[in-house]
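The values are calculated or read from the model by the stated rules, or taken from the named source; none is laboratory data. Quick caveat: nothing in here was measured; it's all calculated off a predicted structure. Cβ atoms come from the backbone with ideal geometry, glycine included; neighbour counts cover every protein chain shown. These area figures cover heavy atoms from the full protein model, side chains too; ligands, DNA and RNA do not enter into them. Shrake-Rupley method; radii C 1.70, N 1.55, O 1.52, S 1.80 Å.
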Amino acid sequence: MMGRYPLPLSQTDLHLHSSVSPCGEISPRGLAELCCQHGVTLAALTDHNAVSGTEEFIWRCAQLGVRAVSGVELDCMFGDQTLHLLGYGFRIADTALLHALQEAQARQKAAGLRLLDAIEALGICFDRERVLDLAGDGAVCAELIAVDALPRPENQQHPLLEPLLRSDTPTDCTPLRFYQTLCAPDKPAYVRVEYMTVEHAIHLLHSANGLAVLAHPGANQLEPALPDVLVQLPFDGLEAFSSCHTATQSASYQAKAREMHWLVTGGSDFHGRSKPEIRVGAIDWLGQENEVRAAFLTVLTTTPRGSTG
């Protein structure tokens with residue numbers, strides 16, 4: 001993580017994952033309660049390619065006085081690169097969107113089984129049944145494999161894992177670093193998944209009366225300038241503030257969003273055990289939280305959308 005911790009907690013977090021996400025941990029209800037405990041008063045559950053936890057999250061948030069907005073994080077393709085697209089304020093029962101989510105989940109599950117084989121082929125030991133149990137009805141992800149594999153004594157001397165396990169930096173020995181070292185693109189256990197195109201993902205969200213926001217561009221190694229072909233797409237916003245970004249990156253992405261007349265958003269990208277250093281509401285807004293929050297709510301309330309409050 002490139003963000004700076006500990007950070008003061010904020011009242012706005014528009015990027016949160018529950019146990020519905022393959023690498024999430026806390027139930028949608030539990031996540032709503034965690035938002036309340038951390039003082040978050042505006043939140044969006046943005047599970048990967050899923051909205052099955054949204055109603056539970058919104059219901060519990062309403063009980064606790066937290067304003068909840070329908071959200072999702074779509075995996076999609078920009079050429080050969082995988083990007084993440086955040087959707088907000090859409091109709092969660094939209095037929096076309098639900099069909100696309102089901103297809104993406106099926107692709108994730110198939111890729112998860114191939115990932116188990118790829119990690120085993122590297123000679124890394126883990127309990128396959130335990131990992132499948134951790135995944136539940138969802139897809140296996142690298143972070144779940146890491147939860148079982150990293151503590152195992154038989155992996156302590158593995159040449160691919162030893163640098164993580166012996167690092168003096170605590171954040172190096174995390175499930176996220178396991179993914180980045182072994183399973184990210186161009187790494188030895190990378191498994192490619194063919195998701196929908198980013199153009200189609202934007203169309204689906206717009207057709208469901210939602211906003212389409214480019215997620216954490218820094219995590220995708222997209223520079224603040226952003227490729228010309230990408231910025232020509234009809235995004236509604238850019239997630240400038242993220243735990244994936246340094247303060248310098250956040251300021252640059254915010255400037256780019258303003259140049260493009262896009263909405264600016266931000267969120268912690270909380271997952272739980274797979275990203276243990278990230279806390280709900282821990283976002284460096286560079287003093288811009290109130291401005292970002294007001295603009296976001298204005299857009300949601302000027303056009304009827306799938307939000308509650």
Neighbours by Cβ (under 9 Å, 6+ apart or cross-chain): first from region 202-225, touching a residue at least 24 places away in the same chain (Cβ under 8 Å); second assigned to a loop (DSSP other than H, G, I, E, B) and polar (S, T, N, Q): N209/T303; A215/T46; H216/S243; G218/T246
Some residue of region 74-81 being open to solvent by less than 20 Å² (accessible area, probe 1.4 Å) and free of Cβ contacts under 8 Å to residues at least 60 places away in the same chain: no
Evaluation of F90 against (1) in contact with a strand residue (DSSP E or B) (Cβ under 7 Å, 6 or more places away or on another chain); (2) crowded, with 21+ Cβ neighbours inside 10 Å; (3) outside any loop (DSSP other than H, G, I, E, B) (one fails), failing number: (3)
Tally, over region 240-262, of residues that are part of a helix (DSSP H, G or I), among the polar types (S, T, N, Q) and under 13 Å from D284 (Cα atoms): 4
In region 267-309, residue least open to solvent (accessible area, probe 1.4 Å) [restricted to those that are modelled with pLDDT of 90 or more and of a type in the set (S, T, N, Q)]: S268
Members of region 216-235 found to be within 18 Å of Q288 (Cβ to Cβ) and in a loop (DSSP other than H, G, I, E, B), listed by number: H216, P224
Residue in region 215-230 that is at negative phi and at pLDDT 95 or above present: yes
Members of region 105-128 found to be closer than 18 Å to L165 by Cα and either touching a Lys or Arg at 6+ places or on another chain (Cβ under 7 Å) or in a loop (DSSP other than H, G, I, E, B) (or both), listed by number: L122, G123, I124, C125, F126
Unique match (being of a type in the set (V, I, T), in a helix (DSSP H, G or I) and open to solvent by less than 50 Å² (accessible area, probe 1.4 Å)) among V131, V69, V51: V131
Filter pass, K187 being of a type in the set (D, E, K, R), surrounded by 13 or more Cβ atoms within 10 Å (Cβ to Cβ) and part of a loop (DSSP other than H, G, I, E, B): yes
Answer residue from region 153-175, given it is open to solvent by less than 20 Å² (accessible area, probe 1.4 Å) and part of a helix (DSSP H, G or I) and is modelled with the highest pLDDT among those: N155
